[in-house]
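Step one of this worksheet: look at the structure below.
The values are calculated or read from the model by the stated rules, or taken from the named source; none is laboratory data. This one's a predicted model, so the numbers in the text were calculated from it and none came from an experiment. Here the Cβ is made from the backbone with ideal geometry for all residues, glycine too, and neighbour counts use every protein chain on show.
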Amino acid sequence: MSTRYSNKTNPSIFGLMPRPYGIYTSMGMAWFLYTYAVTGVRRFRDGNIGPVLIDINRSMYEEGYQGIQLTTDENWVYLSPMSWHPDGKRVMWPEMLRGSDGSQIRLQSAKLLDYLPEPPVPFVTTTDNIPYGIKDLTALDSVNPNVEGKIAGKQSGYIYLIRNVSGYSGKTEAQYVNFSDDGENFYNGYEKTVYDATTGGRYETNLQLTGSKQGEMNFRATFSALGGPMPAKLLFDGDIDGKPKSYGYVTYNGITLNIADMSE
């Protein structure tokens, strides 16, 4: 499953520019992005979610490689799972008619005519000794998801992180102050996320990357609630500060993405 061939609903603007510990700030938007790009496309929004067939070796070494789009009709949308034949050369998956709530489903299949499978990977017994694991799961009962403090860069600067989460709502903010792990690339600026599943979510950033790698994130994205017949709509109407609720861009590695190019 992938949104890479769906230009209007691909939320890659959120991940184009890599940043350290970015998941801590953006995790609160995960359900909004999934609902926007997957659930919304299945229900009402034009777009597709694949599937896409990936040649792993090409994806590792060929810049710009995106795989092969297997969608054949824009009105039919992928459903999990992908079911592979043991010979590794045949695959089948279900699709639903957009807006049918799953009442109309069909099966699609593909054959890889020129693919030569590698020898099967032998199975091994899972060990009971997992160095990073814990046996007493009650220790997790005392874990506090809310934090406030600094993450020091290995070479310079820090990230000041605030995270307050309760149930399906929360607020996170990360302030980057000359942060660098490698001494070559430096981050300055901020990321903010405020969300509530019942009312909506907002991600806002103004973050610069300087050094051997150059990039900038300067955008805001505001989504409607996760429920209802048209969940997680990307909102572009005016906000109280006089700006659109969603605006801005990201640029990195010669690529610039504008949130205005995305569907509502």
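Looking only at segment 76-94, how many residues end up being closer than 28 Å to residue 121 by Cα, in contact with an Asp or Glu (Cβ under 7 Å, 6 or more places away or on another chain) and in contact (Cβ under 8 Å) with a residue 40 or more places away in the chain?
Adding up the residues that qualify gives 0.
Kindly evaluate residue 109 against the criterion of being hydroxyl-bearing (Ser, Thr, Tyr), part of a loop (DSSP other than H, G, I, E, B) and under 30 Å from residue 77 (Cα atoms). In short, no.
Does residue 150 meet the test of being among the charged types (D, E, K, R), touching a Phe, Trp or Tyr at 6+ places or on another chain (Cβ under 6 Å) and either at pLDDT 95 or above or not in a strand (DSSP E or B) (or both)? Give the derivation first.
On the way: among the charged types (D, E, K, R): yes; touching a Phe, Trp or Tyr at 6+ places or on another chain (Cβ under 6 Å): yes; either at pLDDT 95 or above or not in a strand (DSSP E or B) (or both): yes.
Yes: the conditions hold for residue 150.
Whenever a residue of segment 95-121 is on the phi > 0 side of the Ramachandran plot, its partners that are outside any loop (DSSP other than H, G, I, E, B), lying with C-beta atoms within less than 6 angstrom and at least six residues away or across chains, give the pairs 102/96. Candidates in segment 154-184 are the residues that are more than 30 Å from residue 200 (Cα to Cα) and touching a residue at least 60 places away in the same chain (Cβ under 8 Å); of these, the one that is surrounded by the most Cβ atoms within 10 Å (Cβ to Cβ) is 179.
For segment 227-257, a residue qualifies if it is within 18 Å of the chain's Cα centre (by Cα), at pLDDT 95 or above and farther than 25 Å from residue 186 by Cβ, and the qualifying residues are 232, 233, 234, 246.
Within segment 24-53, if we keep just the residues that are touching a Ser or Thr at 6+ places or on another chain (Cβ under 8 Å) and surrounded by fewer than 17 Cβ atoms within 10 Å (Cβ to Cβ), the residue that is farthest from residue 166 (Cα to Cα) turns out to be 46. Of the set (1) of a type outside the set (Asp, Glu); (2) over 30 Å from residue 252 (Cβ atoms); (3) in a loop (DSSP other than H, G, I, E, B), all apply to residue 145 but (2).
Quick check on residue 129: is it closer than 23 Å to residue 27 by Cβ, surrounded by fewer than 11 Cβ atoms within 10 Å (Cβ to Cβ) and out of contact with any Leu (no Cβ under 7 Å at 6 or more places or on another chain)? It would help to see each step written out before you state the result.
Values: closer than 23 Å to residue 27 by Cβ: no; surrounded by fewer than 11 Cβ atoms within 10 Å (Cβ to Cβ): yes; out of contact with any Leu (no Cβ under 7 Å at 6 or more places or on another chain): yes.
When the stated conditions are applied, residue 129 does not pass them.
Within segment 64-98, if we keep just the residues that are surrounded by fewer than 13 Cβ atoms within 10 Å (Cβ to Cβ) and small (Gly, Ala, Ser), the residue that is nearest to residue 42 (Cα to Cα) turns out to be 80.
Taking segment 190-246 on its own, how many of its residues are closer than 17 Å to residue 27 by Cβ, of a type in the set (Asp, Glu) and in contact (Cβ under 8 Å) with a residue 24 or more places away in the chain?
Quick first cut of segment 190-246, residues closer than 17 Å to residue 27 by Cβ only: 190-197, 200-205, 207, 217, 221, 223, 226, 232.
Imposing the further condition that a residue be of a type in the set (Asp, Glu) reduces the set to 191, 196, 204.
Remaining after also requiring in contact (Cβ under 8 Å) with a residue 24 or more places away in the chain: 191, 196.
The total comes to 2.
Note on segment 187-226: residues that are more than 20 Å from the chain's Cα centre (by Cα), assigned to a strand (DSSP E or B) and surrounded by fewer than 17 Cβ atoms within 10 Å (Cβ to Cβ) amount to 4. Given the structure, is residue 103 surrounded by 10 or more Cβ atoms within 10 Å (Cβ to Cβ) and either under 29 Å from the mean Cα position of the chain (by Cα) or at pLDDT 85 or above (or both)? No.
Going by what's in this entry, would residue 58 be described as farther than 30 Å from residue 157 by Cα, of a type in the set (D, E, K, R) and in contact (Cβ under 8 Å) with a residue 24 or more places away in the chain? If you could, list the steps in order and put the result at the bottom.
Details: farther than 30 Å from residue 157 by Cα: yes; of a type in the set (D, E, K, R): yes; in contact (Cβ under 8 Å) with a residue 24 or more places away in the chain: no.
When the stated conditions are applied, residue 58 does not pass them.
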